[in-house]
């Protein structure tokens with residue numbers, strides 16, 4: 001088991017009872033509230049984000065978030081993204097483009113999704129964190145981020161959209177200016193949610209095209 005029941009339950013509670021007493025309010029942008037907490041061991045911040053995606057249902061939102069092939073089409077920062085299996089365990093390799101002159105980063109991590117029915121709400125919980133895999137060693141010229149954790153919790157917002165909570169931390173290593181990290185936190189998360197909303201709206205068309213493509217391929221080879 002990659003994650004414990006307690007980790008999933010704790011993530012679920014954040015939707016209605018945010019655990020932010022040890023966090024400071026950082027910024028609000030486009031309806032997204034971001035809080036942060038300083039980690040003395042790394043000198044970096046971890047973040048908690050609360051927001052909504054109007055007009056996007058939670059089922060589609062969770063599918064888009066987990067669909068690696070589709071993400072490569074709508075996330076411009078992705079250099080490489082793939083799922084693999086090693087020794088019966090599933091992992092994900094993710095390489096991210098960083099702007100010049102900074103080196104690109106890559107991540108190797110595990111991810112697990114569970115669904116819950118709590119208090120009349122159907123909730124999707126997606127947890128991920130760094131994990132070592134021998135088949136995906138560090139690459140020359142790419143900085144390996146080996147201290148990474150992320151959780152995403154999604155449910156309906158009572159109207160036609162979704163309510164979401166995200167917890168995020170990573171140590172990107174290397175020399176990254178503080179202003180770059182602050183800029184990424186202030187603009188990156190709201191920007192990601194905005195881009196993801198567009199991706200969610202386009203997901204049905206993507207699936208239809210993908211299905212037709214498989215059908216056409218089948219006819220050609222029959």
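Values in this text are rule-based calculations from the coordinates and carry no lab data. Keep in mind that this is a model prediction, so the values were computed, not measured. Glycine gets a Cβ as well: all are built from the backbone with ideal geometry, and neighbour counts include every protein chain shown.
Data overview
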read-out	value
The chain - percent relative contact order, Cα under 8 Å, separation 6 or more	21
Bridge type composition, the chain - antiparallel percent by DSSP, nearest 5	95
Global form of segment 101-141, assessed from the alpha-carbon gyration tensor, a/c cut-off 1.5	oblate
Segment 1-130: C-alpha gyration tensor shape, a/c 1.5 cut-off, then a/b vs b/c	rounded
Rh (Kirkwood; distinct C-alpha pairs) - segment 5-221, Å	18.7
Shape category assigned to segment 157-209 from the gyration tensor of Cα positions, a/c cut at 1.5	prolate
Computed label-point distance, nm, for sites residue 78 and residue 66 using a 7 Å Cα→Cβ extension	1.5
Selected from 17, 182, 41 as most flexible by GNM, with the chain as the system and alpha-carbon contacts under 10 Å	41
Point-to-point label distance, residue 146-residue 201, nm (Cα→Cβ direction, 7 Å offset)	4.3
Computed label-point distance, nm, for sites residue 59 and residue 25 using a 7 Å Cα→Cβ extension	3.7
Cα-derived Rg over Rh, computed across segment 1-49 with Rh taken as Kirkwood radius	1.04
Order by protection proxy (mean Cβ within 10 Å, highest first), peptides 77-90, 153-166, 193-206	153-166, 193-206, 77-90
